[in-house]
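All remarks here apply to the structure that follows.
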Amino acid sequence: MIIRRRTMLAAGAAAFLAPGLAAAQGGGSNAARFSLAFAPHEGSFASRGGLIEQIAFAADQGFTAWEDNQARDRPVEEQERMARALEQRGMTMGVFVASMPKWAQFRPVLGGPDDAERDAFLADIRASVDVAKRLNAKYMTVVTGFLDPKTPLDIQTARIIDVMRRANDIVAPQGLVMVMEPLNTRIDHPNVYMQTIPQGFAIARALNSPAVKVLADLYHAQIQFGNLIPTLEACWSEVAYVQFGDNPGRKEPTTGEINYTSIVRWLKSRRYGGVIGMEHGNSLAGRPGEERLVAAYREIDRG
């Protein structure tokens, strides 16, 4: 069964990429657009050239969105070039990270006693408003920091609600949305504060603002909590952005245990029209991996 699926993906990849290859040679593209706004990122199509070339190639394959966690740290000129490239190809800009954590240092600790950490976080949010405007982006990812072992969890929660309320006052007047991302602690991010979609749901409900919602990264959710569709169903009112990545390995759909065909079917049933970030690597290196990536998304998109 596995061999049959891989054979189908390999055959499908050639068919789906043919229009894009023609475009790369100057012949234009007739690749069908995906029915959902799947968003690759720099590196998804690394063999095709630099950032702008990868955006063009993605558009030729039928992708209608793009994602860039590192966009905030790019030079202004590069941000502007990216925005122009996306506009020219009719693509939507997805999330970028508004305040990048210091992963190795387990900082910031937004629920701890240090106001300086919260002030620095809010300064990043202010600076990210300008980035969002340059990128024509509506959503920005927020990581709510790490746990403080010396502070009771309820106190940390109250402080995080407070700092997110202050961040809301910065972005809400601009029509922007911060999406808080729960992360798994079992493999990738030990000691983070926000670990599940329901935890994000509770904080978003406490804030009760259209500018503070939850990012449902299903790779992290599967590792930490599982029960994906019922969890999405229960928390959907506060979920504003979705990311895909299979488990184990954090590669494209069809490489692991998550039934992304069923996830796509559920999202379509809810008429989800937002971006779906392709927050994962490719299971194969080079162009074979890029071809398999496109074929995998064609497969689940048909679901």
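The values are calculated or read from the model by the stated rules, or taken from the named source; none is laboratory data. Note that the structure is a prediction, hence the values are computed from the model and not measured. Here the Cβ positions follow ideal geometry from the backbone for every residue, glycine too, while neighbour counts run over all protein chains shown.
Points to keep in mind about this one:
- Which numbered condition Arg265 misses (of (1) more than 18 Å from His41 (Cβ to Cβ); (2) assigned to a loop (DSSP other than H, G, I, E, B); (3) not aliphatic (A, V, I, L, M)): (2)
Conditions tested, residue by residue: (1) surrounded by 16 or more Cβ atoms within 10 Å (Cβ to Cβ); (2) in contact with a Pro (Cβ under 9 Å, 6 or more places away or on another chain); (3) part of a loop (DSSP other than H, G, I, E, B); (4) among the hydroxyl-bearing types (Ser, Thr, Tyr).
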site	(1), (2), (3), (4)
Arg205	no, no, no, no
His220	yes, yes, no, no
Asp246	yes, yes, yes, no
Tyr272	yes, no, yes, yes
Ala296	yes, yes, no, no
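- The single residue among Glu290, Glu252 that is at pLDDT 95 or above, crowded, with 21+ Cβ neighbours inside 10 Å, charged (D, E, K, R) and outside any helix (DSSP H, G or I) turns out to be Glu252.
- From the list Asn247, Asn259, Asn282, the one residue that fits, being over 22 Å from Met100 (Cα atoms) and without any contact (Cβ under 8 Å) to a residue 24 or more places away in the chain, is Asn259.
- Qualifying positions in segment 183-203 - in contact with a strand residue (DSSP E or B) (Cβ under 7 Å, 6 or more places away or on another chain), more than 16 Å from Val242 (Cβ to Cβ) and either small (Gly, Ala, Ser) or assigned to a helix (DSSP H, G or I) (or both): Ile203
- The single residue among Val242, Val212 that is under 30 Å from Val171 (Cα atoms), out of contact with any Gly (no Cβ under 9 Å at 6 or more places or on another chain) and crowded, with 22+ Cβ neighbours inside 10 Å turns out to be Val212.
- Just one of (1) more than 17 Å from Ala39 (Cα to Cα); (2) part of a loop (DSSP other than H, G, I, E, B) fails for Asp68. It is (1).
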